[in-house]
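Only one structure is covered here, and it is reproduced in the block below.
The values are calculated or read from the model by the stated rules, or taken from the named source; none is laboratory data. Here the structure is a predicted model, which is why all the values come from computation and not from measurement. Positions of Cβ are generated from backbone atoms using ideal geometry, with glycine treated the same way; all protein chains shown enter the neighbour counts.
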Amino acid sequence: MRYFIALTNTAQTPVDEHALQAAILDVGNPAGLPATDLAVRGYAEISPNDPVYDPATQYLGVPVNEQVAGLWQRNTPVLDYTPAELSTRTTARLDAKRTGAIAAIEAAAKAARAVYITPGYGQAMSYAEKAKQAAACLATFSATAPPAPGVYVLLDSEVGVTKNADGTPTANAYEVAAVIDAARQAWLRAEAAINKVRVTAKAAVKAASTATAIDTVMTTIVWP
């Protein structure tokens, strides 16, 4: 895309070929006119001068249209951030990276838990109630004297479906309770391990003073 400026106001923002065509209606392709003919119609082609700069320490100023050796250029100055501005930008980038890292840790912990349990509020309520009924059943009854059907309705719902440790179907609510309690104990051990990784990683990210340090924390996390 080529750009042009109106010679009556050389400080204005350049226009593209389509806008030039709309401004010069008596020529089919005004962008193809020689520079002298274009100047007669009040326009000149201008070339953008896109500078190379380091966005970490520099920024672009307001572009200025300048005529150099008879040719128009749109020069953009490169300005340096002040030490105070650099410090603010560095802190902001680090804070953003830290926030993203902590969110990633939480998401990974959630995924690690999903290996052991089904996520969801309703499912969590079901797990909690089954664990409660299982604890009560194991404390009140025994393998030789299991509860009658109807005492623990959630446990009853799994009789014959949930398997004992040896792979045989459960025969009563007490056997279901034993399986559920064993699974709960295994889950508590897994959750303790997951939570240790989670809180340790988050603490390390919060303590990190550089982006590299945060990256190092994130790449060395090992979930159970």
How about the range 131-183: which of its residues are under 43 Å from the mean Cα position of the chain (by Cα) and aromatic (Phe, Trp, Tyr)? none
Would you pick out the residues in the range 116-145 that are under 20 Å from ASN172 (Cβ atoms), aliphatic (A, V, I, L, M) and loosely packed, with under 11 Cβ neighbours inside 10 Å? ALA139, ALA145
Just one of the numbered conditions (1) in contact with a helix residue (DSSP H, G or I) (Cβ under 6 Å, 6 or more places away or on another chain); (2) over 30 Å from ALA193 (Cα atoms); (3) part of a loop (DSSP other than H, G, I, E, B) is not true of TYR116; which one? (2)
Under 6 Å between Cβ atoms, which residue pairs at least 6 apart in sequence (or on different chains) link something in the range 45-59 that is in the same structural domain as LEU20 (by TED's automatic domain parsing) with a partner that is aromatic (Phe, Trp, Tyr) and in a strand (DSSP E or B)? GLU45/PHE4; ILE46/TYR3; ILE46/TRP72
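Okay, residues lined up against (1) hydroxyl-bearing (Ser, Thr, Tyr); (2) touching an Asp or Glu at 6+ places or on another chain (Cβ under 9 Å); (3) outside the structural domain of ALA103 (by TED's automatic domain parsing):
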| residue | (1), (2), (3) |
| --- | --- |
| PRO146 | no, yes, no |
| VAL176 | no, yes, no |
| GLU191 | no, no, no |
| ILE194 | no, no, no |
| THR212 | yes, no, no |
Search result, residues across the range 60-82 that are in a strand (DSSP E or B), without any contact (Cβ under 8 Å) to a residue 24 or more places away in the chain and within 34 Å of the chain's Cα centre (by Cα): LEU60, LEU79, ASP80
Would you confirm whether any residue within the range 185-192 is exposed (fewer than 12 other Cβ atoms within 10 Å of the Cβ), acidic (Asp, Glu) and within 30 Å of VAL153 (Cβ to Cβ)? no
